[in-house]
1. From the phi angles alone, apply the Karplus equation (6.51, -1.76, 1.60; θ = phi - 60°) to region 119-132 and give each ³J(HN,Hα) in whole Hz, x where the residue is Gly or Pro.
2. Past 31 Å, Cα to Cα, is the threshold; run Lys372/Lys424; Lys300/Lys372; Lys183/Lys358; Lys227/Lys300; Lys214/Lys283; Lys71/Lys178 against it and keep the listed order.
3. Return the sequence-ordered ³J(HN,Hα) values of region 156-163 in whole Hz as given by the Karplus equation 6.51 cos²θ - 1.76 cosθ + 1.60 applied to θ = phi - 60°, using x for Gly and Pro.
Amino acid sequence: LPSSGTIVLTDILWESLSRALLLVDRVCTILHDTCALAATQITLLSGESSGFESTRVKEMIHNVVEKTYGKTSLEKVFDQIEKDVSTLCTSIQCVHNIIDEGSLNIVNKQDNKYPPLIERAHTRKQAAAEAEGLRWQLEKKENEMIELKKVIKARIDDVSNYKLRLEMADARLEQFSKVDSQKESHLQHRIDELNIELKKQKNEYEETLDAIQKELRNAETENSEMKERAKSMSKKALLQGIQNMENLENRSSSPSRGANLSVRGEHGGMGGADMGILANLLKETRANLERTTLEMRRAKASSSTLSPLPISQSVCGPYSLHINANSRDSRLESIESEANHLSREESRFAFFSPNATKSWRENEEERTQWIKDREMFQFRVECCRSRLHEYWTRNHPGVDIPQLIKVERKRKVIGESDLNINSKTFLDICSKWGITTA
């Protein structure tokens, strides 16, 4: 530095020195506060200990760093200190470089060539110019402060609006939660009612199914009795009854002859009236049998759509006692249950019944869906058979597999598109049997 003249510090040098002093003060403050905290706690140590552990010192530094820099994790406690030290080194190096380069503005002392009055006037003029500049800057700052106040006021209004919206949203959310809880309770109550109604309908269905089965057995018994009774009739009596029926039809033309034949029928064998009654009874029995068979199929089809009733694990009656006493392998029971369900469901896919109230297009769509459901049903049957075969050959080798699945195997059906004379299926059949095609 020169011995004469005036040194004017540049803005960069002044900023570097200020930053370096600030960082030195901050780092020294951290060290001082850490040492003070350690001094207050060193008296609590026992005589055998000569100092603190590294983890304890790290916790002390962490407490001091949080007071200075804000909340910081324990793992990153030294990051801020290292950053300040690095910045301090950079500022010191910048000051050193500026001083070495000699880039300081050095103003030499000059002799004052003006009288004191003029010098004072110049100084006053310069001060007035500086005051005018400061006044302009002050007005500018005041205007900026007014704008900032407006912005702050607008922000405060926005915050109040946001708070109001938040309160309204909370109230709406609370109201929705109450409504949802009420809906949930209502739905749960409705589910309980539907479960009770489902159990009731299942019981009614089982009772109706038992009654229909009983009627079917009675009808079959009556039919077998009628067949036995018809077989026991002699051919002569049947022929005589047919002749009597023909004579009864012609009674209007020859009443005396019909009377003689009726008297003869009473003495010779069964009369025409008895044959008519038996024929009517046979027709009624056949009609009842057909109607009962159709109702049985419908009942089986509707029962296949219902899920099987769960069996209680605890003993609640004779049925659950029998099940628990004769419990078998759970996998075999599941296969048997599925086989029974598939057997009941088979009646749905026996034939397709079109609905007379629907159009032809709707019936065709239902038929297509029915065919897809039947293919899926056949796939489920084959899967159940494969699982039964695998289980039985593994657990009971050498024993015949029981016939649990009472479903006929799927027959191979040729599609309508393969029935023309130009199809590959037709040509293969002709070549197999030696038939030449033109």
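1. 4, 5, 5, 4, 5, 5, 5, 5, 5, 5, 4, 5, 5, 4
2. Cα-Cα > 31 Å for Lys183/Lys358; Lys71/Lys178; rest within.
3. Here the 3J(HN,Hα) series is 5, 4, 4, 5, 5, 5, 5, 4 Hz.
All of the numbers you see were taken from the coordinates with simple rules; none came from a lab. Quick caveat, the model's predicted, so the values are computed rather than measured.
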